[in-house]
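Chemist: Attaching a single structure in structure tokens format; questions to follow.
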There are 2 protein chains.
Amino acid sequence: MSDAKFQLYYWPGLPGRGEFVRLVLEEAAADWVDVGLLPESQGGGARAIMNLLGQGPVPAYAPPVLKMGDLVISQAANICSYLGERFGLVPADEGTRLHARQFQLTVADAVAEAHDTHHPIAVMKYYEEQKDAAKARAEDFRTQRIPKFLGYFERVLRANPRGGGRYLLGSDFSYPELALFQLVEGLSYAFPNAMSRVAHQVPGVMALRQRIAERPRIAAYRSSPRAQPFNEQGIFRHYAELDDPNATK
Amino acid sequence: MSDAKFQLYYWPGLPGRGEFVRLVLEEAAADWVDVGLLPESQGGGARAIMNLLGQGPVPAYAPPVLKMGDLVISQAANICSYLGERFGLVPADEGTRLHARQFQLTVADAVAEAHDTHHPIAVMKYYEEQKDAAKARAEDFRTQRIPKFLGYFERVLRANPRGGGRYLLGSDFSYPELALFQLVEGLSYAFPNAMSRVAHQVPGVMALRQRIAERPRIAAYRSSPRAQPFNEQGIFRHYAELDDPNATK
């Protein structure tokens, strides 16, 4: 087993909700290990995740789970806020911290809805078994929900009196921007045509995405072999039939 | 406008996600006002909620919103955790607080799925326009998701080394128990037949629900005219066709 200070437990093979935690750990340059990516012989793999679930004095409902010594916590937004605060990726005043958590949770809501575009009926059944409902839900998600969620964050950027249109909170980067970045990345992978229509309505959000991608630690992580690409096992899946039939470009 | 210290903004006419906040405010005996229930002439009603959304230096995506002086925060789980910590409804140590937030967020996930049983395709369309998908999703929710979520909390009660099977955290009541209570109340309203099947599998959860209902401040609030009943405008809706066709009793 690794002796890294922070041990992330998440299913190997997909970015998923684990990626929101990974980005904070990377931006913080934390001493961490991705347990699911270790070989089983080193206590890793999917088996390690399954063994952890339901165990211990405070069981986790689902991954991601973060282990730090004896402390084991779950729920992606909870983990991200904990790490963001611990590593100073958000100002220390209580009001700003509460707003950061609010943004993190709003991104989490959007992520859950993105997932349900391909699984609108039953999470444990195959996409192919719920394709008609998926088409209907995806259309609503593309035309109503993506503009609403991203439009909200565009308003947040504009409303922030000290951000110059660039920052969600105050006058500098804060950890919820990593979550918003990952949401936009995921939506762009899953719904490229829909996103080409929405992008011009949310220029501030798209510029933020670009700035986050260029942060040195994020760029280094994303070009490393440790970063796992989006695929059709994850939350953000690209099924052409769920995207807009036409791009605007 | 009321001069209460805590002003809750939530749609009048349904318990909804606002109820999770109300229960914490009531248990804390906080000085609070339900702005949506004030007459419009006193700055209340649905209009006050609509006016607040999108306003201010940190806009809210959706209600519930809590206003305390100049500080305005949103996301129900965020508000509940803030209040629970501020009013000492959870021990002060960091680990326990992180676990309380984890439980609060897991309840919030179950609530979102309960909502989607009647709105599996599009939140802004009528139930009647998505009835077939609703039937399929509700069946999965009843048979897979309710047992999974409540079974998780049953395991949490049993795993807590100091709780004697009675408490989610440590050896006493803590604020996420209010959320779990409200979840069970909502599920019992929406899916009485399904819940009659599940109840015997989660005796600890059902006993917790009973203990919370008997807490003096919760009982007083729930028998007051301020408490709004479940109905078919809210998150937890009773549509007979979405419940199990048969009760077990």
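We did not get these values from a lab; they are worked out from the coordinates using the rules stated. Keep in mind the model is a prediction, meaning the values are calculated, not measured. Cβ coordinates were reconstructed from backbone atoms using ideal geometry, including for glycine residues, and neighbour counts include every protein chain displayed.
Chemist: Determine the principal axes of the Cα atoms in segment A:102-191, then give the extent along each, sorted from largest to smallest and rounded to whole angstroms.
Modeler: Each principal axis gives a Cα extent; for segment A:102-191 these are 49, 22, 21 Å.
Chemist: If I build a Gaussian network model for chain B, linking alpha-carbon pairs within less than 10 angstrom, which residue out of B:MET50, B:MET195, B:MET206 has the largest mean-square fluctuation?
Modeler: It is B:MET50.
Chemist: Let me ask another. For peptide A:113-122, what's the mean number of Cβ atoms from other chains within 10 Å of each residue's Cβ?
Modeler: 4
Chemist: Can you flag which of B:LYS5/B:LYS125; A:LYS67/A:LYS131; A:LYS67/B:LYS148; A:LYS5/B:LYS67; A:LYS148/B:LYS5; B:LYS67/B:LYS125 are past 27 Å Cα-Cα?
Modeler: B:LYS5/B:LYS125; A:LYS67/A:LYS131; A:LYS5/B:LYS67; A:LYS148/B:LYS5; B:LYS67/B:LYS125
Chemist: Any idea what Rg and Dmax come out to for chain A if you just take the C-alpha atoms, in Å?
Modeler: 18.1, 54
Chemist: Under a 10 Å cutoff between Cα atoms, tell me which one of A:GLY36, A:GLY56, A:GLY18 has the largest fluctuation in the Gaussian network model of chain A.
Modeler: Taking springs between Cα atoms under 10 Å, the residue moving most is A:GLY56.
Chemist: In segment A:139-155, whose amide N lies under 18 Å from the spot 7 Å out along Cα-to-Cβ of A:ASN193? List them in ranges.
Modeler: A:139-147
Chemist: If you don't mind, there's one more thing I want to ask. Can you give the FRET efficiency for B:ALA30 and B:ASN51, using 1/(1 + (r/R0)^6), R0 = 25 Å, r = Cβ-Cβ distance, to the nearest 0.05?
Modeler: Efficiency for this residue pair is about 0.60.
Chemist: Additional query: Could you state, as a whole-number percent, how many of the C-alpha pairs of segment A:147-209 are farther apart than 18 Å?
Modeler: 27 percent
Chemist: Give me the compactness ratio for segment A:1-120, meaning the Cα radius of gyration over 2.2 N^0.38 Å.
Modeler: Compactness ratio reported: 1.08.
Chemist: Compute the label-point distances linking B:LYS135 to its equivalents in the other copies; points lie 7 Å from Cα along Cα→Cβ; give nm, one decimal, shortest first.
Modeler: Nearest first, the other copies' label points are 2.0 nm away.
Chemist: So how far apart, in nm, are the two label points at A:LYS125 and B:LYS5 if each is 7 Å from Cα heading toward Cβ?
Modeler: The modelled label-to-label distance comes out at 5.0 nm.
Chemist: So, one more: Grab every C-alpha pair in the protein assembly as shown, bin the distances at 10 angstrom width from 0 up to the longest one, and report whole percents.
Modeler: 4, 19, 31, 30, 14, 2, 0
Chemist: For B:ARG217, put the label point 7 Å out on the Cα→Cβ axis and report which residues of segment B:77-95 keep their amide N under 11 Å from it.
Modeler: B:84, B:87-90
Chemist: Also: Hey, how much of the P(r) for segment A:120-249 falls beyond 23 Å, as a percent of Cα pairs?
Modeler: 40 percent
Chemist: To continue, here is another question. Which of A:SER171, A:SER223, A:SER188 ends up with the largest GNM mean-square fluctuation for chain A, with Cα atoms connected below 10 Å?
Modeler: Ranking A:SER171, A:SER223, A:SER188 by mean-square fluctuation puts A:SER223 first.
Chemist: So what is the orientation-averaged projected area of segment B:33-73, using the convex hull of its C-alpha atoms, in nm²?
Modeler: 2.8 nm²
Chemist: Do the sum for the protein assembly as shown: with -39,500 (n - 2.57) for every DSSP H run of n ≥ 4, divided by all residues, what is the mean residue ellipticity at 222 nm, to the nearest 500 deg cm²/dmol?
Modeler: Taken over the protein assembly as shown, the calculation gives -14500 deg cm²/dmol.
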